[in-house]
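Worksheet: the structure to be examined is printed underneath.
The values are calculated or read from the model by the stated rules, or taken from the named source; none is laboratory data. This one's a predicted model, so the numbers in the text were calculated from it and none came from an experiment. Cβ atoms come from the backbone with ideal geometry, glycine included; neighbour counts cover every protein chain shown.
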There are 4 protein chains.
Amino acid sequence: MPAKLKTAILGATGYSGCELTRLLLRHPRVGKPLLLRRQSDSDAPIDLAEVFPSLSGNGGYPLQPFSWSTLHAEGVDLLFLATPHETSRALVPEAAARGLRVVDLSGAWRLKQAKHRAVYGFHDNGSHSSELADKVIYGLPELNGSAISSATLVANPGCYATSVILALAPLLLAGVVDRNRGIVSDSKSGVSGAGKEANSRTHFVSVANNFSVYSVFGHRHVGEILEQLNLDSCELIFTPHLLPIPRGILSTIYVHLSKSMTGAEVETCFRDFYGNRPWVRIFPPSRLPQIQFALLTNYCDIGFCVADDGRRLVLVSCLDNLLKGAAGQAVQNMNLMCGWNEREGLN
Amino acid sequence: MPAKLKTAILGATGYSGCELTRLLLRHPRVGKPLLLRRQSDSDAPIDLAEVFPSLSGNGGYPLQPFSWSTLHAEGVDLLFLATPHETSRALVPEAAARGLRVVDLSGAWRLKQAKHRAVYGFHDNGSHSSELADKVIYGLPELNGSAISSATLVANPGCYATSVILALAPLLLAGVVDRNRGIVSDSKSGVSGAGKEANSRTHFVSVANNFSVYSVFGHRHVGEILEQLNLDSCELIFTPHLLPIPRGILSTIYVHLSKSMTGAEVETCFRDFYGNRPWVRIFPPSRLPQIQFALLTNYCDIGFCVADDGRRLVLVSCLDNLLKGAAGQAVQNMNLMCGWNEREGLN
Amino acid sequence: MPAKLKTAILGATGYSGCELTRLLLRHPRVGKPLLLRRQSDSDAPIDLAEVFPSLSGNGGYPLQPFSWSTLHAEGVDLLFLATPHETSRALVPEAAARGLRVVDLSGAWRLKQAKHRAVYGFHDNGSHSSELADKVIYGLPELNGSAISSATLVANPGCYATSVILALAPLLLAGVVDRNRGIVSDSKSGVSGAGKEANSRTHFVSVANNFSVYSVFGHRHVGEILEQLNLDSCELIFTPHLLPIPRGILSTIYVHLSKSMTGAEVETCFRDFYGNRPWVRIFPPSRLPQIQFALLTNYCDIGFCVADDGRRLVLVSCLDNLLKGAAGQAVQNMNLMCGWNEREGLN
Amino acid sequence: MPAKLKTAILGATGYSGCELTRLLLRHPRVGKPLLLRRQSDSDAPIDLAEVFPSLSGNGGYPLQPFSWSTLHAEGVDLLFLATPHETSRALVPEAAARGLRVVDLSGAWRLKQAKHRAVYGFHDNGSHSSELADKVIYGLPELNGSAISSATLVANPGCYATSVILALAPLLLAGVVDRNRGIVSDSKSGVSGAGKEANSRTHFVSVANNFSVYSVFGHRHVGEILEQLNLDSCELIFTPHLLPIPRGILSTIYVHLSKSMTGAEVETCFRDFYGNRPWVRIFPPSRLPQIQFALLTNYCDIGFCVADDGRRLVLVSCLDNLLKGAAGQAVQNMNLMCGWNEREGLN
């Protein structure tokens, strides 16, 4: 049996980082991950089970302060960053210089075009358009699988973006979408998508019995979707909503077809595209996924209904924002980067 | 002080019927309503507080078996039907013949066109296209106020339909919508909209932590929306979703404008239309309503965002499906039919 | 018609303060309340509808900075304090000196015994055991109604305490409880009981799908219960729990009877005690209240089951923590202080 | 590698049966289980993924009609019954006669004393007090581990009973409980504990925003607790409550100690009892478990607080009712019956 891969996670105390820890602990080809916390957190927890007590009882999960020398001493091969955008922005160049492989779960390195990056406050100076940014691969395995296989730096996609891109890519690449009519993605997410920060928007009393819209015409994930799908910004409206549930995303996507199609033809288009990919489930025409079906799995579920006229299509795409939308996809990317089966450690 | 109006409710044991009972009990111009149950229910409860224990403690709410002679003996002036479509279909002709005023909360009499009525299983024979159907007014006070004022038979609108029609009517009537581009209404409702029937879809474990789409391209309320807004069926996609909350509706509506408009111009369009109506609240540009804001009120809240290009518009419309979407609107209709202030009994 | 009472609320932006505002706005004998904010809040909202948008649409609810001169200029008769304990502690002496009537919703003035007050950090110096503290009446109308009627300073009870005291008082005063065996109150509350502060405990993801115990053997409300019921601290265990719902309290209370009793006898004991009080509902033997029955009402619902041996009793007591547990009870106290019917403004 | 164990599940379409299916599919020593449905279900689903769509995408899960000859033909070694009590009552004698090992998740065979069995409607005739009933072992591994290891028929405990027995057994067996003072278990469960049947009690609108008590002095699980802990019925009050969450149990248990103890002494008592058992987690004094900590795990978490007087103890016991309370415990029992590590397949 080959030696197990040595990994580290910076940011394990967040929702995605914790989920990633759980996945790596069960992964048959990966050793127990090194859990790191940012040095600035002086009163940080010293064991992950303090933050997520459900982890206790299996020995400890000590959190060590981050340093490059620790990574080196522990022989870490692959570093997962489950950190704020700014932190990822700052750390990746050094990691690359040291020859570490990186999967970054933040939005810091996902965007190729400066106009999209601006939304993260990264106002480009000359340095950005560097060799480094070009080397970062957008880690959506179903689209960029072969590039990921040879990548050393992977930008893990946004949760909303994953749900929208996977539903639209087969149709757009098949050229059957009437882009002039515009695409609408009405997307809904559970609260963990907003992170662990306690504020008036995430207070239980504000969320329970409620439902709301936010960031209309201005969500950070729009740039990823446009870039990956080669859409112009006027061709897509993306509207996120906050669901009163802890996790899960459902995107309802409205598309005009450029020619009349039957349900069977649409299904064929999807199956031709995803046929051999393990983590996308295509539903037969008019059977639609629900958030519960995808929860606690790494699947992106895609279903659709075609109108009687054969020209209008409603797509429904569901996933677990902490798995296929974050930590699960990060493991899937690691699997590809290491030449393993995409399913490994995710069943 | 004038004598109080004598009302009766058939179907008070449903969610809308119970809410209507509460409203009428507090209405300053209405006596204690006569609560009726269908005679077929042999093991029916004999007091409404058995079904809704929160009502107990204020004296009894006896449920009497329905009969025309009871209505006559009690001197009932206005009959509310919170009944299945079939029951309303059967009872309204006799009620009309007896000179009773009726507000029907079911879908039985809302639709004018046979092709839309078919969705309720009402396959027209000659008798339908009668004088009677023509006399029934669609009870959306903000659109049909003057007709309702002189009506004796009012069909109370569907909950989803109310949220969509009120958001779109001002723009469509102002002629600023590009209908060729198509309108999308992505609508979400709490579980009480599905009624009290216990089944696998309304089981707590099926709904909690979940979110789902249903009746794509085929919901019963579409006909109402098309008829009231004079839209062709190919001009609107309406997609209902089930929220894991007990009550409330939020519709996110996507519209292309036929000319570029500013937020201020859109707001003016709405304020010109609704300026003096008490139960619609218009939000300023880019401030959006949430379901919680409208819960337990009779308001329909409407907000919107305009894209940078001034041509694409996202509308958000919220209401409480049991109030402005059902019982509250029924009281509002009663107020108009009786010549009272629309606000009466609804604050 | 007599002039309406002039009231002010300090702390209307909290959950209880907002609920109190709603109640006073509908109260037939009270004018529109003066809404005050503490002067320290420099970036405080200037209208209550900013904090609770559901209030908008009925004209404004301006929040003015608190000052004694404003109270005087506006001719305020009765001041409601929905403030932190420390604030109430500081303001009441001046209010009393100025002849204002006060209903304080905080815990600052509820406790008579120094050992109980210590839990609020009020370490008594000579000044506390003053004439003033003796003048403050514990505002539980069903126990202290006549004292409240002539009071000028009323300490509104805690939400948990109300649910426990009302369930136990009739039995304890009838002398049928075996105190030596000990009383257990296992109490459960919705999240609004913890206030509006956003922290990790009130984050939606921490509360949803969860249930937890807190403050075992050490909750602040224990002192109130002991004092009002004349219990020794070893005679009662009170254990609060956090329910994943926004509002409502249910207390399950375990009592040993000092003699064998039937369900009918227990019911008689309760009916004799509460017979003529409007805001307590007694359920017949073995029919138990649920939180939903009492939500959005000012009722405290009490039910019970007697064991076969006639010696063990399970009591269930439910109320809405923001109404009978806070703002509703405050209005009920105001009604008594003003000589009005207890029901006034609360139906 | 030894051949994998051949198992069958009757009742895989229920919540516990589905969870058991998931566990067995991942168990390293068990083959894909044979999924059976009762023959009476003529319109039964033919694949488990129809009932639980989250299972789809991994090949099929065909449901075959139950027959003894199918079990024989497939070479089944161990049969799991996730069936109604009556079905288990009827099938176990034949299964035993055929030499099948059985783990029965129903309540049919848990109770040894006729007075307790009566609650299931099993009125004993001569036949029950048979050799067969004596052979059935109560499958609580932490108490009856060695008997389970040599058992062929195991009655899997009730979910509530597991949470209560595991919290009380160490103290009762250590003789430190004052039984004369009485024990109270105030227990709360999520809705899946009530099964999949859709009725007015499990309707989303009835459960959400609610909390209620049921079966006071009369729940079916009381007999198990009394028998396993050798308690007299007057020594325990067990009160179940319905939480507005899908899954999880928390029991708050009140005990009087027969001598004064410190927190450390109580912890020692628990650690001495459970020291080497993998599926019970003991929390240090005054740190209390929450339902979320145990969800989706096979742990029973136990914490406690001791009063200042050292004589009164509050225990808190949490578990996932579908895992340690049902399917997980069934797997744990299978592990013991097969001589495997208790952790196998449950991490």
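A few remarks follow.
- A:A133 vs. criteria part of a helix (DSSP H, G or I), crowded, with 17+ Cβ neighbours inside 10 Å and not assigned by TED's automatic domain parsing to the domain that holds A:K259: yes
- For segment D:273-292, a residue qualifies if it is touching a helix residue (DSSP H, G or I) at 6+ places or on another chain (Cβ under 7 Å) and facing another protein chain (nearest Cβ under 7 Å), and exactly one does: D:Q292.
- D:D309 being over 19 Å from D:L173 (Cα atoms) and either at pLDDT below 95 or in the same structural domain as D:G182 (by TED's automatic domain parsing) (or both): yes
- Taking the listed residues C:L242, C:L250, the one that is in contact (Cβ under 8 Å) with a residue 60 or more places away in the chain, crowded, with 17+ Cβ neighbours inside 10 Å and touching a strand residue (DSSP E or B) at 6+ places or on another chain (Cβ under 7 Å) is C:L250, with no other qualifying.
- Considering segment A:183-198, the residues that are at pLDDT below 95 and touching a strand residue (DSSP E or B) at 6+ places or on another chain (Cβ under 9 Å) include one that is nearest to A:N321 (Cα to Cα), namely A:G193.
- Each residue in segment A:254-286 was checked for being among the charged types (D, E, K, R), under 20 Å from A:C300 (Cβ atoms) and free of Cβ contacts under 8 Å to residues at least 60 places away in the same chain, and 3 pass.
- Condition broken by D:L20, with the remaining ones in (1) in a strand (DSSP E or B); (2) under 19 Å from the mean Cα position of the chain (by Cα) satisfied: (1)
- Scanning segment B:293-313 for residues that are closer than 19 Å to A:N210 by Cβ, buried (at least 24 other Cβ atoms within 10 Å of the Cβ), facing chain A (nearest Cβ under 10 Å) and touching a residue at least 24 places away in the same chain (Cβ under 8 Å) yields one hit, B:F293.
- Yes/no for C:E50 being closer than 27 Å to C:G107 by Cα and charged (D, E, K, R): no
- Only one entry of C:S200, C:S212, C:S189, C:S185 meets the criterion of being more than 18 Å from C:Y274 (Cβ to Cβ), among the hydroxyl-bearing types (S, T, Y) and free of Cβ contacts under 8 Å to residues at least 24 places away in the same chain, and that entry is C:S200.
- Flag if B:L111 is away from chain A (no Cβ under 14 Å), buried (at least 18 other Cβ atoms within 10 Å of the Cβ), out of contact with any Ser or Thr (no Cβ under 7 Å at 6 or more places or on another chain) and modelled with pLDDT under 95: yes
- Qualifying residue in segment B:16-33 (condition: among the basic types (K, R) and either in contact with a strand residue (DSSP E or B) (Cβ under 8 Å, 6 or more places away or on another chain) or assigned by TED's automatic domain parsing to the domain that holds B:A194 (or both)): yes
- Hits in segment A:23-34 (condition: closer than 23 Å to A:C159 by Cα and either modelled with pLDDT under 95 or among the aliphatic types (A, V, I, L, M) (or both)): A:L23, A:L24, A:L25, A:R26
- Residue check for D:A108: in the same structural domain as D:E131 (by TED's automatic domain parsing), touching a His at 6+ places or on another chain (Cβ under 9 Å) and more than 15 Å from D:Q329 (Cα to Cα): yes
- Qualifying positions in segment B:157-178 - farther than 27 Å from B:A82 by Cα and either out of contact with any Leu (no Cβ under 7 Å at 6 or more places or on another chain) or free of Cβ contacts under 8 Å to residues at least 12 places away in the same chain (or both): B:P170, B:L171, B:L173, B:A174, B:G175
- Residue match in segment B:319-336 (condition: within 14 Å of chain A (Cβ to nearest Cβ), part of a loop (DSSP other than H, G, I, E, B), of a type outside the set (G, A, S) and under 17 Å from C:G57 (Cα atoms)): yes
- The residue list C:A3, C:A90, C:A8, C:A97 contains one member that is under 18 Å from C:N335 (Cβ atoms), free of Cβ contacts under 8 Å to residues at least 12 places away in the same chain and among the aliphatic types (A, V, I, L, M), which is C:A3.
- Filter result (buried (at least 19 other Cβ atoms within 10 Å of the Cβ) and part of a loop (DSSP other than H, G, I, E, B)) within segment A:273-289: A:W279, A:F283, A:L288, A:P289
- Residue in segment C:290-299 that is touching a strand residue (DSSP E or B) at 6+ places or on another chain (Cβ under 6 Å), at pLDDT 95 or above, not in a helix (DSSP H, G or I) and not assigned by TED's automatic domain parsing to the domain that holds C:N144 present: yes
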